[in-house]
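Report on one structure; see the data block that follows.
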Amino acid sequence: MAEETQTAEDAGSVEATVASETNTAAPAVQAEGMAALGALSETSAAPSETSAPAEPKIDKQGRAYATGRRKNAIARVWIKRGTGQFSINGRDITNYFARPVLQMVLQQPFETAERTGEFDVIATVVGGGLSGQAGAVRHGISRALTNFEPGLRPALKAGGFMTRDPRVVERKKYGKAKARRSFQFSKR
């Protein structure tokens, strides 16, 4: 019995010495770790400070190109300095998008960036319906504007024009009338 208490006391003293050694060594190790972290943060912050602003991506004809997508529609959009003319699939905006709401959707990026009437837009759009096509052209206009003037990106991103809307039609499931609609239930 005396031996058991003696070994328990020895184990307690060993644990105490290990704990005291780790406590004295811990501040030095922590200081070294913090210094290393500080050096890492300084090196990672330096390139962002010296990085040059994004340059415009303009072709030889003075146009900026971008692709826009919405639902099943894909739009190829070119913008250039001009008087605010829209040409969608070779047709005027009032002929292609007859509803005023869709025409307003196309003007939103220019109004947000305060560039109304400064750019001509040429777009080819395929797939989807008129609403999806209008959203695709708007997405393409926003991306093309940031290619033409990279400084407009924060304003357009804040307006939500740079984000591709991921919502698409949900597929139909077997045993259902549509994606989620069940057939009418008959109790008997």
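Brief remarks follow.
- Long-range lysine pairs (8 or more apart or interchain), region 42-188, Cα under 25 Å: 13
- Stretch gain in nm, segment residue 163-residue 98, where the contour uses 0.36 nm per residue and the Cα spacing is subtracted: 20.9 nm
- For region 92-104, 3J(HN,Hα) per residue [Karplus equation, 6.51 cos²θ - 1.76 cosθ + 1.60, θ = phi - 60°, Hz, x = Gly/Pro]: 5, 4, 6, 7, 7, 10, 6, 6, x, 4, 5, 5, 5
- By average C-beta atoms within 10 angstrom, highest first, the peptides 66-79, 145-158: 66-79, 145-158
- Rounded to the nearest 20 debye, the dipole magnitude of region 42-178 is 1080 debye, with +1 charges on Lys and Arg beta carbons, -1 on Asp and Glu beta carbons, and the Cα centre as origin.
- With contacts taken as Cα pairs under 8 Å and at least 6 residues apart, region 86-162 reaches a relative contact order of 34 percent.
- Sorting 176-182, 136-142 by average packing, meaning the other beta carbons within 10 Å per residue, from highest down gives 136-142, 176-182.
- Taking amide H as placed 1.01 Å from N in the peptide plane, residue 57 has its amide H under 5 Å from the amide H of 148, each at least 5 places away in sequence or on another chain.
- Note on residue 184 and residue 115: the model spin-label points, each 7 Å out from Cα along the C-beta direction, lie 5.5 nm apart.
- Relative contact order computed over region 43-188 (Cα-Cα under 8 Å; 6+ residues apart), in percent: 30 percent
Since every read-out is calculated from the coordinates, none of them should be taken as a lab result. Treat the numbers as computed from the prediction; the structure is a model and nothing was measured. With ideal geometry, Cβ positions are generated from the backbone for all residues, glycine too; neighbour counts draw on all protein chains shown.
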